[in-house]
Every structure is written in structure tokens, then in C-alpha cells.
4 protein chains.
Amino acid sequence: MSTTPVSKTLYALIAGVGAGTGRSVALRFAQAYPVVLLARKPESYASIVSEIRAAGGEALGVAADTSDAASVAAAFEIVKRELPGKTLAAAVFNVAGGFAIKPFLDVAVSDLDDSLAGNARGLFNFAQATLPSLLESVPTSPHPPSLIVTGATASVRGSARFGTFAAGKFAVRGLTQSLAREFGPQGVHVAHVIVDGVIDIPRTAAYTVNEGKPDGKISPDAIAENYWNLHTQHRSAFTQELDLRPYLEKF
Amino acid sequence: MSTTPVSKTLYALIAGVGAGTGRSVALRFAQAYPVVLLARKPESYASIVSEIRAAGGEALGVAADTSDAASVAAAFEIVKRELPGKTLAAAVFNVAGGFAIKPFLDVAVSDLDDSLAGNARGLFNFAQATLPSLLESVPTSPHPPSLIVTGATASVRGSARFGTFAAGKFAVRGLTQSLAREFGPQGVHVAHVIVDGVIDIPRTAAYTVNEGKPDGKISPDAIAENYWNLHTQHRSAFTQELDLRPYLEKF
Amino acid sequence: MSTTPVSKTLYALIAGVGAGTGRSVALRFAQAYPVVLLARKPESYASIVSEIRAAGGEALGVAADTSDAASVAAAFEIVKRELPGKTLAAAVFNVAGGFAIKPFLDVAVSDLDDSLAGNARGLFNFAQATLPSLLESVPTSPHPPSLIVTGATASVRGSARFGTFAAGKFAVRGLTQSLAREFGPQGVHVAHVIVDGVIDIPRTAAYTVNEGKPDGKISPDAIAENYWNLHTQHRSAFTQELDLRPYLEKF
Amino acid sequence: MSTTPVSKTLYALIAGVGAGTGRSVALRFAQAYPVVLLARKPESYASIVSEIRAAGGEALGVAADTSDAASVAAAFEIVKRELPGKTLAAAVFNVAGGFAIKPFLDVAVSDLDDSLAGNARGLFNFAQATLPSLLESVPTSPHPPSLIVTGATASVRGSARFGTFAAGKFAVRGLTQSLAREFGPQGVHVAHVIVDGVIDIPRTAAYTVNEGKPDGKISPDAIAENYWNLHTQHRSAFTQELDLRPYLEKF
């Protein structure tokens, strides 16, 4: 943990916190801000909250399902109570959403609905809940208040048998572009990150990618560093879309 | 109406039939096939069915809400009964979906849900209902059986205040790409058309676009002709994505 | 050959005529217009001129190197003399340009220069020579006067070891987009076609693509039909970019 | 200037150094490496070399025209002599290339040739001269050796009357993609940056953009910081293409 004192008036919020990107992003932003971690289940964030606190940072975990507007509203009531007077410097939407890879004729409409709800509706609820606070931070935040959205290869490519996943990820990208065009001129940096590869997390430990060579999977800490770099971009030079992939990845 | 006799074994299906593109597509495909017209309300297709029949073609209108799988299933029961033994040569998804242009913080989550349901879930249900029959037609159809999907500028660009519309249209594009990659190699032509401009239909009569100059709005008959050209492409030269815009349109 | 009489006042011009796409395009447009065939060497067009004349069409072959402005100017002097008073309905730029697939550090700068000259400068000279006549045809041509440019996979994707080819093809695409935006509003249809696959011509007879399955290579006649369809699009519904690939092609 | 000692074994090279991006990039990379500045005329880099040296950094200016392979070779002879034993950590191609904004029919073919030579051939020569040394640095460089290429809006959009500029910039993008796919798996990070706006430099001081609001032009220092961030990306998370634009920019 950095020795820089964390902000007294700003905080960061990460939705979709588990053992991978979410954890790394939370740790990175905790070097500068108190961080709030959202996940559907407390077990997803509990150990990360402890990890941040043990390192001298401030962290709060709140259970919330971003696909449900009421759940998001309830979570923000808790945040307001626990972090009174603080406004958002950064909001990261890192929710994975549903994921069914099957021949199209074997997919259930509920698979599609899950993908759309988890991805598009989740971002919608998250953005509606965070943008007012991000806008409020514009005059005082040392870095442009940022809404950063995690995407995937499927955000820009509908591969065979990935239809429902692509539908959700494409929808998120379209909505994010629209938010960037509406809120950018108001001073909020809205960025979309295409994570084009397999992330190196416990869940993917058994996958062999890029012939098993070193750094053939994406380091979640590297993703987090890039999110921090996006957040600290000068407002005269905002990136709207960033691609990240291992040096070995075919694309 | 052409004097070519319509097919005895194949038919075409157009979902989203109203006074604009749907009507023109139905009339165009009726020159070669019996056509089935789907719309939520019978008044949307009734006069078009009459128009096709009066010209010597075969047409059937069926009320269906493509965003509802049960409604689609019921519609196909009717189609099977009325067109026994026929399989699909072409299926056109031309459903408009929800459309709310507002500042993002004023949009309701139901606006998003409507867009996702009307666009993405609508296409999902439509594709699941039609692809088995399209596949069945591959060996015998004179032209590659085709699934053609109508898109819009918002399919590739999330403009400010168009977020929910873009979410639905991006989702449709992602799903369509995936279907193209899965079913193309099986002989079904899946194409996505980006209609990049205002269509010249009764509903847009009052809009002034491209300074009101002639042909500044897209002719729905021209769209239909392009759909027919997509349908009749040789399988060695499929187009996956087609853009259509007035010669005057800024892009 | 169609029985429709060819135009008395308009003609079509195809640059880059050999045994493949150029021949098929020439034959297709010769059904409606006298056609002029440009190639660097007369042996590239001689038999095609004969073939068109034998079928009752009008054809003229002129040797020209489109990468050389003086050569293009000389060719147009011949055209004006041989087809007095006629203006252009369609101009097709189908020149292949240089092509060196090598590890980058083994490529000579002359390979790059050849690709840029054959592709970008070739199109530049061709467009400067043809656009004045295409503009002149706007008021009288039954179809919007058209400038159609052949591209390739490398127009949108710089693959490893294809750098010089991609440089030339990307440059052509950029220039074509610019021409579309300048001349479209003046009534000239400028379109770019991404031919994404191997064309089925004598030169590629030995290539095994798509596992050797039928129609795994692109039919040049199918390309020509698509060019004709582009040419005859209504001006309210111009396509700027068309992709063409075999149903079996991975993309 | 940072107090971090500059590298003893690595250096950075920036081609296209003038009062704007090139200067800022040189200053930024000089915090970690000795820097070599290339420009056609010594007056373009002389004051920047002095500025870096005055701040305690190491800098060398060399006159070279990157569009001329012999000039580039001569420049590298000087570099090898002046920085014996050092290999490249970073090479930045920031050459502007020709620029003629005119109606297409008024453009000279020499305008096109200048754009292609300055942009595409310039990058070609620069990449051939630097990649062997970048490859050599892979095993020892603390950050992945990087080739970073400056692009513009015209790299991805051919606007009306920008045809020759777009041709050059598109060509550069295609070549850069190809290099990324060939050299990325060998450990060299090849990135393309789309600078989508007017840069805030002396030459653009009189331009009013984005209504003259603060930070409506891109800060060259912000560009430089982003180039540094690209250079220091972990090899499991390379960005191939980065867009940078003012928060106020329409896109």
C-alpha cells in the first residue's frame, strides 16, 4: 500500500469484485481512495476488504445485484451512511454477466436474458446510481471522475456459439459509448476496456492458453494499472476505448 | 407483381411489418414466394396482405410479439397449418424495438428493458424459430436461405442520449454476427443491414432531413431491393454487413 | 449477352482487367454499356474484348499503367477519340497492386513503394481521370454514376507479414472513403468492396482453401453481379462498403 | 527531470521532433533513458536537446529524413557511434507527413506522394532501422521494448477533402497492425495512437476549437504521459490502439 494518504472527500466504487480483476482494481484504487466493493455475495469481497484494511487502506463491502435497480439503490443507501459527505472519484463496472457457450439452437432464452440483465441492465443501474456523484466531483477531484467499464473480445466480435454473451457485451459497449458522448463534455471520463484474452485468475488456472507460455494470460494487476492510468488521464486526452491483450495473443 | 410463379415449396417470412420497410420487403419477396407477415397488431399487416393478394401473390398475416417466445411459437403453429410442407427461403427481422431519446439520467430502466426485449430477445426468438426451417431449405432452395436483420446507425454508434436504443441495436448486431459465423458454413446466409438515415415513410413525413432535398430520406423500396439482392447472392460471395444511406447523408 | 441495347451516351470503364474479377465485371457491365478495358499489357484484355464483341457487345482495350498519371492521361485521349461524346456511367478500379508476403525485416522498401504506387497512386490517378466524367453523367444517367473500388481482407486488417500489402490497401480504403464523402452528395456513388477470400480464377486454381469444398473460393461472376447491384442502387440507399466472402470462410 | 538515473544500456529514439508532441515525448522518456531526437532540420530539435541536457538528461539530435532510407541509415551510423553498445528501449514515430486539404480534383499527385512517403515510407524505414535493436533489448529491458506510432483522426476516417492525408495515415495504421502481429509475440510492443483532436502547440495557437474552452486542445504533455504508460505496460496486457481526445471533442 502506498504511503499517500487516501482522499478525505472522494471514494472509489468497484462493482463485480471477486478473485480477479475486481480485487486488483480495488487494491490499486485503495492506494488513493477509500473503496467500496460491490458483489452479489459477501464471500466475494470479504477477504479483499480485509486485505485492504490490513494494508492500511479503507474498504467497505456491500452486497448488491447490479441487475436489480432496487438492490443497487439499497446498496447506495448503505454507502451514503457509511461514507457521509464523500463523492465518487471513480466507478468501475466489472460485472461478468451470464455466459453460455453453446450451439445457438440449444441456448435457452433465459441464457440471453441473463446476459442482457447482468451486462446491460447491470451497467444501466450502476451508471444511473454513480453518475450524479461523479458529476458532483468534477469541480474538486484532482483527476477527472471516471466511469470505467470492463469489456471482452465479445464486445466487438460475435463469435460462433457466443451469441448471447456477445449480445450482452455489445449492448454494454453501445451504452458506454453513449454515456461517454453525453458525460465527457461535462467532465466525467467514461471508458470501455476490451480485455482480449484469458485473465490469470484462480478460475482459469487450469486453462492452457498461448501454449502455456509465461504471461500468456492477462495479469489482473496489469489490468488494474491500466484502469488507474485511464482514471488519471488529463481531460484534454481521454481514451474512450482501450484494448488489452497478451503479447502472444492472436488477434 | 412479377409474372414469375411463386414457389410451391418455399416461403418467406417478415417480422415487423408496417407501413415502411416491412411492407416494401413483403411486396418484393412476394414476387417469388408466398409471404408470411408478422406484426403485433393485425392492423399493421392487414392492408399489405390485401395488397399482395390483389396483385396475384400469396400472403398470410399472423399477429405475434417476437419478444415473447410463446407468442412466436403460437404464430409458427399457424404458419405450419396454413402453409403445410413449406420451408423457409428467407426470414427478415425488421422489428423496430423500443426507442427513447432522453438524457441518460431521465431514462427509466423499463426503457432499456423494452429496447433489449424488442431488439435482442425479439431476434433471438425469431432466429430460433426460423433457423431450423432455413437449414432444411439449404439443399433445395435456388438461392441460399437467408436470415436478414435490419439495423440502424445506432447499431454501430452509441450517440449521446441514444443509450438504450444503442444497447438494443448493438446487441442485435453482436448476436447476428454470431449467427452468421455458426450458420454461414451450414449454407444459411445471415446478413445485417445498417440503415443509416431516415426512412421515407408516413411516420417520418414531417421530418426535414438533408435540407429537404429529393431522395434525402431512404426509399423503403430501395431497402427491399437490397434485401432481395442479399438473398440472391451466390454462396461464394455472402455479404455479412451492408450499409445503406442517402447520397446526401453525412457520415 | 443481354438483348437490352447498350447505351448510346454512356460507357463503363474497368481498370485492372485480367482473367478474374476484371473480366467478369467487364462482361456484366457490357450488357448495358460499351466498356473500356484498361490493363498494363494488351494480352491481359485482348481475349476479353473479343469475347464481348463476339457476344454482340462493344468493347475497347487500352494499355495503361494507372500508377502513372501520364499513362492514364494518354489512355483517356484514346477513349475520348474512340467513344466521342460519351460520358462515364461506371468506373471500376480493380488493380491488384504489389504484393509481397515476407517477414518485415526481409521486405525491401521498393516492395512498399510498389504497393503504394499500384494501389493508392493508381486509384488517385484513376479517380482524377474519371470523376469529372462521372459528375457530368449525373443528370442523365439512369443509374447513379459509380466509382467502385476493389479491396481485400488487407484493407481492414494488417496481418503479420502482410505489412506492405496492407499499407497499400488501407491507403486505398482511406482515399475511397474521402471520395465517397466528397462526391456522394454530388450524386456519384463511390463504393469500396472488401473481397475477403480467395477468388476462383486460373491463377488460384492450385490453392486449396476452405478444405477444397465447393464454392469455397469466390466466384468472379458473383463479384461482378454485386458490382452491378451497387451500380444500380437508388441514390437514397447507397452502400459505401460491402464485404464479400465464401459461406465457408472464417472471419 | 526525475532523479531516477537514466539507463546505462538502453536508449529511446523519437522521430518527428518539433515544438509539440515530439518535444513532450522526448522530455518524458529522457527521465529514464538517453534520448535521440530525429528531425529533418536541426532547428527542430536543437533547443529541445539543450532543454533536456540542462535538466540533467542525456540527449542527442540527429538530422534525418525518415522517408529516405539512406538518410535513416546515415543517422543510425551516428547513433551507434555516439551511444556505443546501447540498444533501443523505445522508438516513437511521430512524423507528421504531408498534409493537403483540398477538393480532390485540385490535389496534385505529388501531394499524395508526399503523404505516402512521409507517413508510410517514413514508418517503414524507421521500423526497419529500429526493430532489430528493439528485439535485441527484449531479454534485458525492464519494460517491453516499444514501437509507438502517432496517428490521427484521419487514420480511421477518410473525410471529404482529406483524401491524401487519409491515404497516408490509413497506410501507417495498416503497417503498424502488421508489425504488432509479427513482433508482439517476439516481445516488442507495437502500438498505434489515434490523436483525435487539435494538439495545443504554438502552430495551433490561433485555432479556436471546442469553443475555445479550457483543455479543448490536447496537451502534448498528456500525450507523452500516455506514450510512457504504453511503454510500461506489462507484456500480458499490451494495448495495440489507443484513442486520445479532449473531453469536449465531438466524435
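Derivation of every value follows stated rules applied to the coordinates shown; laboratory data play no part. As the structure is a computational prediction, the values presented were derived from the model and not from experiment. No Cβ is skipped: glycine too gets one built from the backbone with ideal geometry, and neighbour counts run over all protein chains shown.
Where a ≥ b ≥ c are the square roots of the eigenvalues of the C-alpha gyration tensor, would you call region C:151-251 rounded, which needs a/c under 1.5, or, failing that, prolate if a/b is larger than b/c, or oblate?
oblate
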Cut-off 16 Å, label 7 Å out along Cα→Cβ of C:A206, residues of region C:29-44 by amide N:
none
When the helices in chain B are scored as -39500 (n - 2.57) per DSSP H run of 4 or longer and the sum is shared across all residues, what 222 nm value do you end up with, to the nearest 500 deg cm²/dmol?
-11500 deg cm²/dmol
Taking Cα pairs closer than 8 Å and at least 6 residues apart, the relative contact order of region A:10-244 in percent is 20 percent
If packing is taken as the average count of other Cβ atoms within 10 Å, what order do A:129-140, A:82-93 fall into, highest mean first?
A:82-93, A:129-140
Debye intensity ratio I(q)/I(0), log10, region D:55-153, q values 0.15 Å⁻¹ (C-alpha model):
-0.70
Need the C-alpha centroid separation for region C:8-32 versus region B:159-179, integer Å.
39 Å
Within 10 Å of each Cβ in C:219-228, how many Cβ atoms from other chains are there, averaged over the peptide?
3
So the label point sits 7 Å from Cα along the Cα-to-Cβ vector; using that for C:Q186, what distances do you get to the other copies, in nanometres, sorted shortest first?
4.3, 4.6, 4.9
Using alpha carbon centers only, region C:52-85 is separated from region D:37-77 by a whole-angstrom value of 50 Å
All Cα pairs of the protein assembly as shown, percent lying beyond 37 Å
52 percent
One decimal, nm, nearest first: from B:I101 to the same residue in each other copy, label points 7 Å out along Cα→Cβ, the values are 2.8, 4.0, 4.7
Taking a label point 7 Å out from Cα toward Cβ, give me the nm distances from D:A206 to the same spot in the other copies, shortest first, one decimal.
4.8, 6.2, 6.9
Taking placed amide H atoms and a strict 5 Å upper bound, the residues 5 or more places from A:L13 or on another chain that come that close are A:V36, A:A90, A:A91, A:V92
Cα extents of region C:10-244 along the three principal axes, largest first (Å)
51, 36, 36
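What is region A:84-196's relative contact order, in percent, from Cα pairs under 8 angstrom and six or more apart in sequence?
34 percent
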Please work out the Cα center distance from region C:114-129 to region A:233-251, rounded to the nearest Å.
33 Å
Eigenvalues of the Cα gyration tensor times 5, then square-rooted: what semi-axes does that give for region B:137-193, in whole angstrom, largest first?
29, 10, 6
Would you tell me the mean number of C-beta atoms belonging to other protein chains that fall within 10 Å of each C-beta in A:152-163, as a whole number?
5
For a quick size check, give me the Cα extents of region D:1-113 along its three principal axes, largest first, whole Å.
55, 27, 22
Peptides A:66-77, C:231-242: what's the order by average Cβ count within 10 Å, highest mean first?
C:231-242, A:66-77
Could you pull the Cα extents of region C:165-220 along its three principal axes, largest to smallest, in whole Å?
44, 24, 17
Rounded, prolate or oblate: pick one for region C:60-107, where a ≥ b ≥ c are the square roots of the eigenvalues of its C-alpha gyration tensor, a/c under 1.5 means rounded, and failing that, prolate if a/b is larger than b/c, else oblate.
prolate
Just tell me how shielded A:51-59 is by partners: mean number of partner chain Cβ atoms within 10 Å of each residue's Cβ, no decimals.
0
Work through the residues other than B:A26 whose Cβ is under 12 Å from its Cβ and net out their charges, Lys, Arg +1 and Asp, Glu -1.
0
